[in-house]
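Quick notes on the structure that follows.
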Amino acid sequence: MTTIPQALDAPRCVWPAAATLGEGTLWSRREEALYWVDILERRLHRYHPASEARASWDFDEEISAVAERAAGPGLIVTLRRGFALFDPARNAPAQYLHQPEPELTTNRFNDGKCDAQGRFWGGTMDFDCEAPTGSLYRFDADGRCTKHDEGFAVTNGPTWSQGGRTMYFNDTVKGRIHAYDFDADSGTLSNKREWHRFERGDGYPDGMTTDAAGRLWIAHWGGACVSCHDPVTAEELLRIKLPTSHITNCAFGGPGLRTLYITSATSGLTPAQREAEPLAGGLFAVPLDVAGLPAACFAG
C-alpha cells in the first residue's frame, strides 16, 4: 500500500528574491546550505537556513544547474554553453570543461544533476523554448561527454528511482515525463517510454527530485504547485500549492533532509499576475513528514 506523504506546514518564502528564472536547487551537505540559481539574471545564490545568511555570485553568462565535487573544492555547474568548474570560496571566473554544442548558438543548458556514480547529466534547450534542438548529455569525471537523447524544445530533470535503475527526464513543452531503463555501471539509457503526462491547464513539468521512498516530486511551471507521485503508477499522492504561478524546481534539504526547497520565476508573468503574486521569483520552504535523498556529488 502506497504511503501518502504530508506537508507539516504551509510553504514559507525564505528569500523573496524576485528571481527572473529561479532554478538549479542543490542542498550542500558540506555547508548545510541550499544553492540555487537565477538563470536569466546569471546569478548563483546560497541560502544557509540555520543563520538565514544569503550570498550571491554574478556570472558573465547564464548559469543553470549546480553539483558539488567529490574530488576537489567547489562546484561543477552548467553555464550557457556547457560544463564548468566554479569555487565560491575563491570567487574566480568559472573554468569551462566542455562545450558540446558550439554550432547551436541559440541553445543553452538548463536543468541537470549527478547520478549516484558521480556523472553529471544536463540538458540543453532552445532559448526561445520553441525549436526541438535540445539534447540530454552525460559528462564524466574523465572529461568524456556523451549525447543520450535529443529533440527537446525545453529539457528538465533528471531524477532517478530509489534503486537507481530508472531515470526520469522531462520534455517540458510537450508536458511529458519520460522514463528510461538506467544501467548504472555503463551510464547508458534504454527502453524510453512516457511515464506521465500533465493534463491541459495543469502547467508543465519542470524540475524534480526523488524522496527516500522513491516518490517523485515535480514542479509545475504555470501550475502554482509541486506534486508528489508514485514512482511506478505515476499516481498523484500530494499537491503543495504555492502563491505564484511559475514553479521551477525543488530539492530536499535541512535537518534530516525533511524540508522541500522550491524555486519560482517572474519570467512570463503578465503585469496583472506580477501584482497579484508579490512572492513570484521567491525561494520557498515546506517541512514534510518524509525525507529526501542526499544529492550525489560529481566524481571529478
Residue count, region 266-283, condition assigned to a loop (DSSP other than H, G, I, E, B) and of a type outside the set (Gly, Ala, Ser), comes to 6
Of those in region 98-129 that are part of a loop (DSSP other than H, G, I, E, B) and of a type in the set (Gly, Ala, Ser), the residue farthest from GLY164 (Cα to Cα) is GLY118
What do you reckon, is GLU31 under 21 Å from ALA280 (Cα atoms) and acidic (Asp, Glu)? no
Looking only at region 277-300, filter to residues that are aliphatic (A, V, I, L, M), closer than 16 Å to THR20 by Cα and over 15 Å from the mean Cα position of the chain (by Cα); which one of those is surrounded by the most Cβ atoms within 10 Å (Cβ to Cβ)? ALA280
Hey, does region 46-69 have a residue that's among the basic types (Lys, Arg) and closer than 16 Å to THR263 by Cβ? yes
Wholly within region 1-57, strands (runs of 3 or more DSSP E) carrying at least 1 residues that are loosely packed, with under 13 Cβ neighbours inside 10 Å, hydroxyl-bearing (Ser, Thr, Tyr) and within 18 Å of the chain's Cα centre (by Cα): none
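Where a number appears in this text, it was derived from the coordinates with a stated rule and is not lab data. Here the structure is a predicted model, which means the values were calculated and not measured. Here the Cβ is made from the backbone with ideal geometry for all residues, glycine too, and neighbour counts use every protein chain on show.
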